[in-house]
1. Please give the Cα centre distance for the range B:1-52 versus the range A:1-62, rounded to the nearest Å.
2. Step through the residues of the range B:61-74 one at a time and calculate ³J(HN,Hα) from phi using the Karplus curve (6.51 cos²θ - 1.76 cosθ + 1.60, θ = phi - 60°), rounding each to whole Hz and writing x for Gly and Pro.
3. Other chains' Cβ within 10 Å of B:26-35 residues: what's the mean?
4. Starting from a Cα-only point model with no solvent, please compute log10 I(q)/I(0) by Debye for the range A:1-89 at q = 0.18, 0.19, 0.26 1/Å.
5. Considering the alpha-carbon set of the protein assembly as shown alone, what are its Rg and its Dmax in angstrom?
6. Across 5 Å bins from 0, what is the distribution of all Cα-Cα pair distances for the range A:42-82, in whole percents?
7. By accessible area of protein heavy atoms, probe 1.4 Å, what ranking do A:Ser22, B:Ser93 get, highest first?
8. Could you work out the mean count of beta carbons from other protein chains within 10 Å of each residue's beta carbon in B:47-56?
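The values are calculated or read from the model by the stated rules, or taken from the named source; none is laboratory data. It should be emphasised that the depicted structure is a prediction, and the values quoted were computed from it without experimental measurement. Cβ: placed from backbone, ideal geometry, glycine included. Neighbour counts: every protein chain shown. Surface accessibility is based on the protein's heavy atoms, side chains included, excluding ligands, DNA and RNA. Shrake-Rupley method; radii C 1.70, N 1.55, O 1.52, S 1.80 Å.
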Amino acid sequence: AQTVTQSQPEMSVQEAETVTLSCTYDTSESDYYLFWYKQPPSRQMILVIRQEAYKQQNATENRFSVNFQKAAKSFSLKISDSQLGDAAMYFCAYRSARLVTSGSRLTFGEGTQLTVNP
Amino acid sequence: DGGITQSPKYLFRKEGQNVTLSCEQNLNHDAMYWYRQDPGQGLRLIYYSQIVNDFQKGDIAEGYSVSREKKESFPLTVTSAQKNPTAFYLCASSIKGTSGFTDTQYFGPGTRLTVL
């Protein structure tokens, strides 16, 4: 079974600075997808960014980018120019590419609570 | 507006009672999912359904039941057999794609269930 680990329960960053959230995962599969979701105080889960394992190029979405290291099974999220609205719980998630058996199910890490200081 | 709705937002239950949480989507998504979230933990999969009239158990299905009679609806019943039901429950849906990101999951706003 796949597992996802987020070793930083809490992180903080100054507004306008850059912060990196860590995520590692364990899998025996070669093809899969990785996601970062954000959960603000409203508790609505919002997709931040996603990465296909077969792509070497790191995904970027505006101020959000990832550092995907497949061999190390690492998938960190970098937030540049942090804003107060970035304060939230961030979850890393894994999905197998084997849809027939997995049914698109996601495996989540335990989350990292990000505080943005003005 | 297109989206996923969950109701109620807050739900209180007495011990021994069954309660049903509603999840509706108008995104024409094929697959739907139920997750449970406890403090300090990530989301754990309860049940999922990829097609009408079919569903599969997730990692923590004991004490829960679901039905999928319509494509847009996937209600979750928390039965009295669930020993510790107080939690935040999230519903999600996705297109049943064959590859790629066509089946990225999108989430509803959640229901907070408290057992009194």
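1. If you average the Cα positions of each part, the centres end up 23 Å apart.
2. For the range B:61-74, the Karplus curve yields 7, 4, x, 10, 9, 9, 9, 9, 8, 10, 4, 8, 10, 8 Hz.
3. On the way: counts 0, 0, 0, 0, 1, 4, 0, 4, 0, 4.
Going residue by residue through B:26-35 and averaging, the value is 1.
4. -0.83, -0.91, -1.50
5. Every Cα atom of the protein assembly as shown included, Rg and Dmax give 17.6, 52 Å.
6. Computed distribution, short to long bins: 5, 22, 29, 21, 14, 7, 2, 0.
7. Working: A:Ser22 45, B:Ser93 0 Å².
These residues rank, largest area first, as A:Ser22, B:Ser93.
8. On the way: counts 0, 5, 1, 4, 0, 0, 0, 0, 1, 2.
If you average over the peptide's residues, the count of other-chain Cβ atoms is 1.
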